[in-house]
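For reference, the structure is listed below as structure tokens.
Coordinate-derived values only; no laboratory data. Here the structure is a predicted model, which means the values were calculated and not measured. All Cβ positions, glycine included, derive from the backbone under ideal geometry; neighbour counts span all protein chains shown.
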Amino acid sequence: MIRIAPIADVPPETVDLLLDQAFGTDRRGRTAYRLRDGMAAVPDLSLVALQDGQLIGSIQCWPIELRHDEGAAALILVGPVAVRPDRQRDGIGKMLMAAALAAADARGCEPMVLIGDPEYYDRFFGFSAGPTAEWAVPGPVERHRLLARLRPGQDVPAKGTLGPRLGADAHRAALERQAQ
Ligand SMILES: CC(C)(COP(=O)(O)OP(=O)(O)OC[C@H]1O[C@@H](n2cnc3c(N)ncnc32)[C@H](O)[C@@H]1OP(=O)(O)O)[C@@H](O)C(=O)NCCC(=O)NCCS
């Protein structure tokens, strides 16, 4: 039986190994890592899939923001989502995504963003590149892979720059520095 558990239940180095297997050891240079640089993962949205005590999948979510002219909109970055290569295409990715999205929806959390294949994240989970078309990103990104998921009634600014969630004070200080 596959069990979904908090990521804190497993040693961090086992998650690192899984991510190396799924994405390669050069994964830390990816733009998604820059988006959440210095942030700690959101505990209740960061999960693992376990079978017979073995780690077979993981998902992590991070606090980020979209900085714009009038402030910063809080968002949640989803990812990496990783399934052990020998267990891919067996429903484990869907289980992890469904569990994280259900937890996020249950506590009415911020709009969610990820960089990934729309053929997977749009088709199964309703993430779309529409809202992100004019967002600036600190690194290379294929525009059609920068995706957002808004619950009914949620909105995001059309323009802005994505980055780690530094909060309103840091944003205001940066705007003041720019203006000087
Ligand atoms: C992408 C990933 C998380 C999907 O998890 P998974 O457990 O392998 O996939 P699931 O069993 O949940 O889903 C299977 C379905 O999704 C489809 N699918 C899986 N990965 C896909 C992808 N990258 N693009 C498009 N479709 C994909 C399968 O074709 C299958 O469709 P079907 O139901 O019509 O047959 C996993 O394959 C993985 O870790 N890949 C390597 C790392 C990666 O690329 N992560 C995504 C970027 S964050």
- [ ] Can you tell me how much longer the chain between T31 and D52 gets when fully stretched, taken as 0.36 nm per residue apart minus their C-alpha distance, in nm with one decimal?
- [x] 4.2 nm
- [ ] Assuming R0 = 30 Å, can you tell me the calculated FRET efficiency for the pair M39 and E119, based on Cβ-Cβ distance, to the nearest 0.05?
- [x] 0.60
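Set the Förster radius R0 to 22 Å, insert the Cβ-Cβ distance between D20 and A99 as r into 1/(1 + (r/R0)^6), and round the FRET efficiency to 0.05. Display every interim value, and only then the final one.
Numbers: r = 23 Å, r/R0 = 1.05.
Efficiency, from the Cβ-Cβ distance: 0.45.
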Open item on the list: Given contacts defined as C-alpha pairs under 8 Å and at least six residues apart, what's the relative contact order of the chain, whole-number percent?
Closed with: 24 percent
Task: Kyte-Doolittle at least 1.0, axis length at least 20 Å by Cα - qualifying DSSP helices, the chain - done: 92-106
Task: Once exposed loop trypsin sites (Lys or Arg not before Pro) are cut out (DSSP; at most 14 other Cβ, 10 Å), longest piece of the chain - done: 1-88
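From the C-alpha coordinates alone, can you work out the Kirkwood hydrodynamic radius of the chain, in Å?
Values: mean 1/r = 0.0591 Å⁻¹.
When all Cα pairs of the chain are included, the Kirkwood radius is 16.9 Å.
Of the DSSP beta bridges with both residues in segment 2-179, give the percent that are antiparallel, rounding to the nearest 5.
On the way: 30 of 35 bridges.
The antiparallel proportion sits near 85 percent.
Summing -39500 (n - 2.57) over the DSSP H runs of n ≥ 4 in the chain and dividing by its residue number, what mean residue ellipticity at 222 nm do you reach, to the nearest 500 deg cm²/dmol? All intermediate terms of the calculation are to be shown ahead of the outcome.
On the way: 5 runs with 52 residues, N = 180.
Calculated mean residue ellipticity at 222 nm is -8500 deg cm²/dmol.
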